[in-house]
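Let me begin by presenting the structure, written as structure tokens, before commenting on it.
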Amino acid sequence: MTADALSDTLRQTGLRHGLVGFGVCSVEPFGAVRSEMGRRIELGLAGRPRFTYTDPVVATEVSRSFPWAERLIVGSVAYLPAAGTPGPAAPDTGRVARFATVDHYQPLRTGLIAVARQLEESGHRSEVLADDNRLVDRAAAVRAGVAWWGKSTMALAPGFGPWLLLGSVVTDAVLPVSTPMVRDCGTCVACIPACPTGALDEEGVLDATRCISYWAQTPGFIPRDIRRAWGDRLYGCDDCLEACPPGGRLAEGAGSMNGRIDLVELLERSDEELMDTYAHFYVPRRDARFLRRNALVALGHNGTRRAIPVLIRYLESPIAVLRGHAAWALGRIGGKDGRVALERARSIETDPTVVDELEAAARLSEGR
Ligand code: SF4
Ligand code: SF4
């Protein structure tokens, strides 16, 4: 089979198995992307380096991990409208971003694995990369003509906008490369003011330290100004995606209710139950405390009297980050029961960070 014929067969296989985008690119290092990652790390815009930022050299130089590689075959799937919509806001509930309502990576893997099998049947080596720190998947998608870089830093495709998951198959097959997409955001800047924390103020650059989605996946205390902008989110943030006109048609078509979770019930479940139910979330160290912490912040926005007993119980948690965020939520909700609990907790607290949270929460709750 010629390289052209093999490429065509692979494309048909991928599309038949659910991919909506397919392209091929070289494995030359993504030098400009690596430089930009280095700049963001130096400026502190990457936050605590993780995912591809843990080793930008590896993530932008395929041959480091796969010395035999000749090409990247890039595939994409659209997770809207199947991901649905969280529906209208409701007290004591939290929203999950659409990319995480279920494990949307599974259909992507199915398509990529089908392509990889086809390659192996044709005598070629292959390895599937999906949600993998060894490759900046957006850079590969842009080079392979599957997407363009949006000013939101997301990869966008016509008809799908940013509602895409991307993955690749690394192969030693010397396939013809695709033409990069001649397209960009034009004069649109809709995502920039849509961000509630100003994380996109430098066009095309994400300040991760200001991004709610970043903090939802990062251990430790969430800065208070980020908490104030958090809203009812439990995991992820879709605001810059929802504002993006190229994805508008899919967002409008996402009718089914999905991704709204009762936070009081969540806070009463065991760690094992939480990690089983949300196995597809990226939770730091697979430690349920960080999911609980996110739920506490969301309750600080829409918690009712029903949430107060569980929040008071969390003031007695052996985990400082949970005591601190429970205090913040109680301070926001206010009320006599919460104030009394905050005073009692302050009288026995010894952790200086939590003491600061308790005192700030007590001030916040005055008059509420
Ligand atoms: S995910 Fe949310 S917080 Fe992060 S850049 Fe987009 S709109 Fe801003
Ligand atoms: S909202 Fe507009 S500027 Fe932002 S990524 Fe989408 S098309 Fe580009």
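The values are calculated or read from the model by the stated rules, or taken from the named source; none is laboratory data. Here the structure is a predicted model, which is why all the values come from computation and not from measurement. Counting neighbours? That spans all protein chains shown, and the Cβs are built from the backbone with ideal geometry, glycine included.
Among the residues of the range 295-308, is there at least one that is within 16 Å of ligand 2 (Cβ to nearest atom), surrounded by 21 or more Cβ atoms within 10 Å (Cβ to Cβ), on the phi < 0 side of the Ramachandran plot and not assigned by TED's automatic domain parsing to the domain that holds residue 50?
No, the conditions are met nowhere in the range 295-308.
So which of 344, 332, 313, 323 is surrounded by fewer than 17 Cβ atoms within 10 Å (Cβ to Cβ) and within 31 Å of the chain's Cα centre (by Cα)? Quick ask: steps written out before the conclusion?
Values: 344 fails: within 31 Å of the chain's Cα centre (by Cα); 332 fails: surrounded by fewer than 17 Cβ atoms within 10 Å (Cβ to Cβ); 323 fails: surrounded by fewer than 17 Cβ atoms within 10 Å (Cβ to Cβ).
Only one candidate qualifies: 313.
Could you tell me whether residue 196 is within 13 Å of ligand 1 (Cβ to nearest atom) and out of contact with any Ser or Thr (no Cβ under 8 Å at 6 or more places or on another chain)?
On the way: within 13 Å of ligand 1 (Cβ to nearest atom): yes; out of contact with any Ser or Thr (no Cβ under 8 Å at 6 or more places or on another chain): yes.
The answer is yes for residue 196.
Which members of the range 200-210 meet the condition of being near ligand 1 (Cβ under 9 Å from one of its atoms) and touching a residue at least 40 places away in the same chain (Cβ under 8 Å)?
Just the residues of the range 200-210 that are near ligand 1 (Cβ under 9 Å from one of its atoms), to begin with: 200, 206-208, 210.
Across the range 200-210, the qualifying residues are 200, 206, 207, 208.
Mind checking which pairs have a first residue in the range 235-254 that is in contact (Cβ under 8 Å) with a residue 40 or more places away in the chain and a second that is among the acidic types (Asp, Glu) and within 13 Å of ligand 2 (Cβ to nearest atom), Cβ under 9 Å, 6 or more apart or different chains?
Close Cβ pairs satisfying both conditions: 248/242; 251/238; 251/242.
Collect the residues in the range 135-171 that are within 22 Å of residue 54 (Cα to Cα), part of a strand (DSSP E or B) and in contact with a Pro (Cβ under 9 Å, 6 or more places away or on another chain), keeping them in residue-number order.
Selection gives 155, 165.
Inside the range 174-212, can you point out the residues that are surrounded by fewer than 20 Cβ atoms within 10 Å (Cβ to Cβ), among the polar types (S, T, N, Q) and under 20 Å from residue 294 (Cβ atoms)?
Correct list: 209 only.
Looking at residue 138, is it within 16 Å of ligand 1 (Cβ to nearest atom), among the basic types (Lys, Arg) and more than 19 Å from residue 248 (Cβ to Cβ)?
Values: within 16 Å of ligand 1 (Cβ to nearest atom): yes; among the basic types (Lys, Arg): yes; more than 19 Å from residue 248 (Cβ to Cβ): yes.
Against the criterion (within 16 Å of ligand 1 (Cβ to nearest atom), among the basic types (Lys, Arg) and more than 19 Å from residue 248 (Cβ to Cβ)), residue 138 qualifies.
Just to be sure before I move on: is residue 313 part of a helix (DSSP H, G or I), touching a helix residue (DSSP H, G or I) at 6+ places or on another chain (Cβ under 6 Å) and free of Cβ contacts under 8 Å to residues at least 40 places away in the same chain in the structure I sent?
Numbers: part of a helix (DSSP H, G or I): yes; touching a helix residue (DSSP H, G or I) at 6+ places or on another chain (Cβ under 6 Å): no; free of Cβ contacts under 8 Å to residues at least 40 places away in the same chain: yes.
Considered against the rule, which asks whether it is part of a helix (DSSP H, G or I), touching a helix residue (DSSP H, G or I) at 6+ places or on another chain (Cβ under 6 Å) and free of Cβ contacts under 8 Å to residues at least 40 places away in the same chain, residue 313 comes out as no.
Being without any contact (Cβ under 8 Å) to a residue 24 or more places away in the chain and within 14 Å of ligand 1 (Cβ to nearest atom) is the requirement here; does residue 223 meet it? Outline the logic, then answer.
Working: without any contact (Cβ under 8 Å) to a residue 24 or more places away in the chain: yes; within 14 Å of ligand 1 (Cβ to nearest atom): yes.
Judged against the criteria, residue 223 is a match.
Filter the range 276-291 for residues that are assigned to a helix (DSSP H, G or I) and charged (D, E, K, R) and give the result.
Step one: of the range 276-291, the residues assigned to a helix (DSSP H, G or I) are 276-277, 284-286, 289-291.
Result: 276, 285, 286, 289.
In the range 237-249, what residues are farther than 15 Å from residue 83 by Cβ and touching a Ser or Thr at 6+ places or on another chain (Cβ under 6 Å)?
Of everything in the range 237-249, just one residue is farther than 15 Å from residue 83 by Cβ and touching a Ser or Thr at 6+ places or on another chain (Cβ under 6 Å), namely 240.
Can you name every residue in the range 159-186 that is under 20 Å from residue 11 (Cα atoms) and modelled with pLDDT under 95? Break it down into steps so the answer makes sense when it comes.
So the first thing to find is which residues in the range 159-186 are under 20 Å from residue 11 (Cα atoms), and the list is 159-160, 164-181.
Within the range 159-186, 159, 180, 181 qualify.
Scan (1) surrounded by 23 or more Cβ atoms within 10 Å (Cβ to Cβ); (2) in contact with a Leu (Cβ under 9 Å, 6 or more places away or on another chain) for the single condition residue 149 breaks and write down its number.
(1)
(1) in contact with a Ser or Thr (Cβ under 8 Å, 6 or more places away or on another chain); (2) of a type in the set (D, E, K, R); (3) more than 9 Å from ligand 1 (Cβ to nearest atom): which one isn't true of residue 252, the others all being true?
(1)
All but one of (1) over 22 Å from residue 210 (Cα atoms); (2) at pLDDT 95 or above hold for residue 39, so report the exception by its number.
(1)
In the range 195-218, which residues are under 14 Å from residue 43 (Cα atoms) and among the hydroxyl-bearing types (Ser, Thr, Tyr)?
209
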